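Report on the structure given below.
The values are calculated or read from the model by the stated rules, or taken from the named source; none is laboratory data. Only a predicted model underlies this, so the values are computations on that prediction, with no experimental measurement involved. Heads up: the accessible areas ignore ligands, DNA and RNA and are worked out on the full protein's heavy atoms, side chains in. Shrake-Rupley method; radii C 1.70, N 1.55, O 1.52, S 1.80 Å.
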Amino acid sequence: GTIISVPSYTPGSDSLKVFRNGILMTTSSTGSPIDRYAESSTASINLEAASDPLNDVFLVEVDGEENIWREEIGNVIGPTLTTSQSYSVGTDKLMVYRNGILMNNAGLGNSEHQYTETSTNTIGLVVAANLNDRFTLILKA
């Protein structure tokens, strides 16, 4: 992998969001190696797949205390995601990423990237999930 410097943050706090070429990366074991990184210190991360300095663009964001929770969901088949924690439906505070791409609940764009909030802990997908999909849910304060 490749070690890259990031703004100061607290490892394990779910406050760090790393995007590689516009795709949200993850610290979980879901997704492919190019989508994963490890938090190695308060100022650096270790990419599982080496970086290509001529083609890779990284955006790193530190949320501070803005996130209430973050959850990684993988190995799901079907049209429904169930969260381990509840949230208030319709507050526009839930961010849902499918394979690192931000989804929307406004019925816009590609149907694969649309969802509906069906209850305080379930999300309906317009296009059903398959085993290779990786979902990241972030609830903002």
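Structure notes:
- For the chain, the solvent-accessible area with a 1.4 angstrom probe is 51 square angstrom per residue.
- Surface share of carbon and sulfur [accessible, 1.4 angstrom probe, percent] for the chain: 52 percent
- Using θ = phi - 60° and Karplus 6.51 cos²θ - 1.76 cosθ + 1.60, couplings along the stretch 13-30 (whole Hz; Gly, Pro as x): 8, 6, 8, 9, 10, 10, 10, 10, 6, x, 9, 5, 8, 9, 9, 7, 8, 7
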